[in-house]
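Asker: Take this structure, written in structure tokens, and hold onto it; I'll ask about it next.
Nothing in this text is a laboratory measurement; each read-out follows from the coordinates by a stated rule. All of these numbers come straight from a predicted model, not from anything done at the bench. So basically every Cβ, Gly included, is an ideal-geometry build from the backbone, and we count neighbours across all protein chains shown.
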Amino acid sequence: MGLFSGRRSGDTPPEWIVLGLGNPGDRYANTRHNVGDDAVRLVGQRVSTSFKAGKNDAFVAETRISDQRCVLAIPITFMNESGRAAASLIKRFGLTDPSKLIVVHDELDLEPGDTRLKMGGGLAGHNGLRSIAQHLGTNDFLRVRIGVGRPPSADRGADWVLSKVPQRSRPELDIGIVRAADAVELVVSDGVDSAMQSVNRR
């Protein structure tokens with residue numbers, strides 16, 4: 001299993017690592033590409049935990065959700081290097097099962113406000129997911145996909161996800177962020193299958 005066989009004797013890995021994708025810095029705050037970051041921060045607020053900078057190329061918070069030990073993390077790398085944080089966190093905490101990694105990210109193929117759960121599968125051209133798959137050597141992690149919709153034209157994809165969101169479009173994205181935080185909590189409390197039935201039937 002490579003990366004997922006590194007647990008040291010006596011260590012107890014967390015039940016879940018939750019990774020919210022985005023780009024660092026004020027330049028990218030409140031952009032469509034940062035909705036994964038926003039959702040994981042919201043989960044942290046709900047459980048009254050704080051994120052600490054330091055190791056693992058990420059802001060990290062160790063907490064409990066529904067009495068399960070969870071690590072919440074937000075990479076401080078740019079999106080296309082998200083795999084560095086994912087791999088470092090898995091090594092640090094000794095996670096042995098890639099399906100216990102929850103990656104929260106923006107999704108062009110879903111309408112704004114729509115949220116879906118997906119286990120494994122393709123990467124849909126998402127640079128953050130591609131980096132994670134490359135560093136982990138597997139696609140078999142859980143995704144919480146937050147819809148941001150398609151740009152007006154195909155050649156404006158980068159501008160669409162990296163530019164500030166107009167105020168009129170913000171409420172839809174905020175709904176998606178709340179639903180994504182709800183989805184993370186459902187996965188932890190009720191399990192993946194039950195959460196998928198609840199989240200994906202909307």
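Asker: Going residue by residue through region 151-161, is there one that turns out to be over 16 Å from the mean Cα position of the chain (by Cα) and closer than 27 Å to Asp193 by Cα?
Answerer: no
Asker: In this structure, is Ala87 of a type outside the set (S, T, N, Q), farther than 20 Å from Leu123 by Cα and either out of contact with any His (no Cβ under 7 Å at 6 or more places or on another chain) or surrounded by fewer than 24 Cβ atoms within 10 Å (Cβ to Cβ) (or both)?
Answerer: Here the answer is no, as Ala87 does not meet what is asked.
This table checks each residue for (1) crowded, with 20+ Cβ neighbours inside 10 Å; (2) free of Cβ contacts under 8 Å to residues at least 40 places away in the same chain.
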{"residue": "Ser99", "(1), (2)": "no, no"}
{"residue": "Leu123", "(1), (2)": "no, yes"}
{"residue": "Ile132", "(1), (2)": "yes, no"}
{"residue": "Arg143", "(1), (2)": "yes, no"}
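Asker: State the number of residues belonging to region 87-126 that are in a helix (DSSP H, G or I), of a type outside the set (Lys, Arg) and under 20 Å from Ala183 (Cα atoms).
Answerer: The number of residues fulfilling the criteria is 2.
Asker: Restricting attention to region 62-86, and to residues there that are charged (D, E, K, R) and assigned to a helix (DSSP H, G or I), which single residue is nearest to Asp190 (Cα to Cα)?
Answerer: Applying the filter and picking the extreme gives Arg84.
Asker: In this structure, does Gly94 turn out to be over 30 Å from Pro171 (Cα atoms), out of contact with any Ser or Thr (no Cβ under 6 Å at 6 or more places or on another chain) and surrounded by 15 or more Cβ atoms within 10 Å (Cβ to Cβ)?
Answerer: The answer is yes for Gly94.
Asker: Among the residues of region 160-184 satisfying the criterion of being over 15 Å from Gly36 (Cβ atoms) and in contact with a strand residue (DSSP E or B) (Cβ under 8 Å, 6 or more places away or on another chain), which is surrounded by the most Cβ atoms within 10 Å (Cβ to Cβ)?
Answerer: Selected residue: Ser163.
Asker: Moving on. Suppose we filter Asn30, Asn34, Asn23 for residues that are closer than 30 Å to Pro166 by Cβ and either basic (Lys, Arg) or surrounded by fewer than 17 Cβ atoms within 10 Å (Cβ to Cβ) (or both); which single one remains?
Answerer: From the options Asn30, Asn34, Asn23, the qualifying one is Asn30.
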